[in-house]
Amino acid sequence: MRVVIQPANDNTEVAAVTYGPVVLSGNHGDTAFSTLPSLATASVTRTSSSSLAFTATADGATVNLGPFYDAHGHNYTVYWNTGSGSNTGYCLFNAASGMVLGIRDMSTADGGSALQWGDTGTPDHNWHLVIDGAAVRLRNLKSDKVLGILNGSTAQGAQAVQDPDNGSTTTTGGSCPSARDASRTCAAASSWACRTCPPRTAAW
């Protein structure tokens, strides 16, 4: 068995730590949290050969980790911030035009139309990819709405718009290998490709 960092389905910058089938929790004593602690994932180290005892560095300090089923009598967490902490996702650029996917006029309204634009760094160009089984949802970080097709149309040339995430199939796209590797091309995502856009990070 080995330590595995398990990203959350809806945010790849948040993860749990597992050892085989066991979920590990961090023992934070009486410390109260207002945000998830930031874990240095490479620091997770087993400290005992006879028990499931580990240490790691979180928020710059050493924390003890052990099985979640043994967590009692102290404040604990099983989820950790493992990303940059910027919560900015990925920008999505068109392979032909080099322009990025955004929302017209940076709208946060239901039905705001999607379009390609030069990468000017506006927050509507930032997206999170939300894994949904074998499919994905594209959530805009400015509006917190997901990309879908106007009126659920199946016609060619139908307008792409943002709408609340109501679970409709019109807001779900095909599988994209960039869900876990932003340097790979999204072959199933209508000729859009994924790239990291420093200092931002958004996802399709």
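Structural remarks
- Pairs, first in a loop (DSSP other than H, G, I, E, B) in the range 141-165, second surrounded by 12 or more Cβ atoms within 10 Å (Cβ to Cβ) and at pLDDT below 85, C-beta under 6 Å, six or more apart: Leu141/Gly89; Leu141/Asn126; Lys142/Pro123
- The set of residues in the range 108-131 that are surrounded by fewer than 18 Cβ atoms within 10 Å (Cβ to Cβ) and over 25 Å from Ala96 (Cα atoms) comprises Thr108, Ala109, Asp110, Gly111.
- Screening Leu65 with (1) surrounded by fewer than 17 Cβ atoms within 10 Å (Cβ to Cβ); (2) part of a strand (DSSP E or B); (3) not aromatic (Phe, Trp, Tyr) gives one miss only, at (1).
- With a requirement of 1 or more residues that are touching a Pro at 6+ places or on another chain (Cβ under 7 Å), in contact (Cβ under 8 Å) with a residue 40 or more places away in the chain and surrounded by 15 or more Cβ atoms within 10 Å (Cβ to Cβ), the strands (runs of 3 or more DSSP E) lying completely within the range 1-44 that satisfy it span 11-19, 22-27.
- Members of the range 141-153 found to be modelled with pLDDT under 85 and either under 14 Å from the mean Cα position of the chain (by Cα) or basic (Lys, Arg) (or both), listed by number: Leu141, Lys142, Asp144
- Count of the range 109-140 residues which are part of a strand (DSSP E or B) and at pLDDT 80 or above: 9
- Only one entry in Leu65, Leu52 is over 30 Å from Asp144 (Cα atoms) and touching a Leu at 6+ places or on another chain (Cβ under 6 Å), namely Leu65.
The values are calculated or read from the model by the stated rules, or taken from the named source; none is laboratory data. Computed from a prediction, not measured in an experiment: that's the story for all the values here. For neighbour counting, all protein chains shown are included, and Cβ atoms are generated from backbone atoms with ideal geometry for every residue, glycine included.
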